[in-house]
Every structure is written in structure tokens, then in C-alpha cells.
1. Could you list, in sequence order, all residues of segment 3-29 that are surrounded by 13 or more Cβ atoms within 10 Å (Cβ to Cβ), over 16 Å from the mean Cα position of the chain (by Cα) and within 15 Å of Asn76 (Cβ to Cβ)?
2. Can you tell me how many residues in segment 30-44 are surrounded by 15 or more Cβ atoms within 10 Å (Cβ to Cβ) and not aromatic (Phe, Trp, Tyr)?
3. Restricting to segment 63-121, name every residue that is charged (D, E, K, R) and either within 16 Å of Ile51 (Cβ to Cβ) or at pLDDT 95 or above (or both).
4. Looking at Tyr59, Tyr94, Tyr79, can you tell me which residue is surrounded by 14 or more Cβ atoms within 10 Å (Cβ to Cβ) and either among the small types (Gly, Ala, Ser) or under 21 Å from Gln1 (Cβ atoms) (or both)?
5. For segment 62-76, which positions are open to solvent by less than 30 Å² (accessible area, probe 1.4 Å) and within 17 Å of Gly112 (Cα to Cα)?
Amino acid sequence: QVQLVESGGGLVQAGGSLRLSCAASGSIFSISVMGWYRQAPGNQRELVATISNGGTLTYADSVKGRFTISRDNAKNTVYLQMNSLKPEDTAVYYCNADIQGMGDMMWSDYWGQGTQVSVSS
């Protein structure tokens, strides 16, 4: 069984910073891409940033220059440093990872439970 557990959300004023963490645990053989997505009320879930196991990065245009994604492969953990936060960044943030299980060696897509980020103006 594989789990993704997020932490670090909260309420912050515009211009402030937050750091999200997501740790993968369980019967894991390998992890390829890890990433963050977000969903605001009434909106579809959208990509925020991804990072491959080789370090290739992608960012949504709306967060470029403000957010930084990173990962610690030894800890199976991905981070999202969010600076210069804006009210429009308010959403539930979800961690995502493509994980190869130890037992059957099959690749599956996993999601965390989500963490709320609220930015006040």
C-alpha cells in the first residue's frame, strides 16, 4: 500500500510564503514524476509544478518566478516553496506521484488527500 501525505498548508497574507511537503510511503520500488496540482472552488484541478526523478521541472505560467518545486529522492518527498503569494493562489493543493510498487512492479498514479492554502488580501 502506497500513501502520499501532505503538510504545510495554512492561511497567509498576500505577499507571504508557505512551504508544502509531501512524503510518499509504503511498498515503493521507484518514483518517477512528482508534482503539485491545485483546485479552487468551482474550478477544475490544474497543474502547478512537476519534477522528474532526473530533475526536469515544469511550472504553470501563473506561478513561474514565485513557486519552486524540489524533491529529496532519499526521503521520497517533494516540496513546493511558495513565495509572493496572491489571493488567486487560494486552493486545495494536491500532491501527485507516479510510483512503481515493490510487489508487482506496476506503475500507478497516486494522489494525496490535499492541503488547504488560503491567501488573504
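The values are calculated or read from the model by the stated rules, or taken from the named source; none is laboratory data. Computed from a prediction, not measured in an experiment: that's the story for all the values here. Using ideal geometry, Cβ is built from the backbone for each residue, glycine included, and neighbour counts are taken over all protein chains shown. To get the accessible areas, we keep the full protein, side chains included, count just its heavy atoms, and leave off ligands, DNA and RNA. Shrake-Rupley method; radii C 1.70, N 1.55, O 1.52, S 1.80 Å.
1. Gly26, Ile28, Phe29
2. The first filter runs over segment 30-44 and keeps only residues surrounded by 15 or more Cβ atoms within 10 Å (Cβ to Cβ), leaving 31, 33-38.
From what is left, the residues that are not aromatic (Phe, Trp, Tyr) are 31, 33-35, 38.
Counting residues in segment 30-44 that are surrounded by 15 or more Cβ atoms within 10 Å (Cβ to Cβ) and not aromatic (Phe, Trp, Tyr) gives 5.
3. Lys64, Arg66, Arg71, Asp72, Lys75, Lys86, Glu88, Asp89, Asp98, Asp109, listed by residue number.
4. Values: Tyr59 fails: either among the small types (Gly, Ala, Ser) or under 21 Å from Gln1 (Cβ atoms) (or both); Tyr79 fails: either among the small types (Gly, Ala, Ser) or under 21 Å from Gln1 (Cβ atoms) (or both).
Going through Tyr59, Tyr94, Tyr79 in turn, just one is surrounded by 14 or more Cβ atoms within 10 Å (Cβ to Cβ) and either among the small types (Gly, Ala, Ser) or under 21 Å from Gln1 (Cβ atoms) (or both): Tyr94.
5. Within segment 62-76, Ile69 is the sole residue that qualifies.
Every residue, every condition in (1) under 12 Å from the mean Cα position of the chain (by Cα); (2) without any contact (Cβ under 8 Å) to a residue 60 or more places away in the chain; (3) in a strand (DSSP E or B), yes or no:
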position	(1), (2), (3)
Val33	yes, no, yes
Gln44	no, yes, no
Leu85	no, no, no
Asn96	yes, no, yes
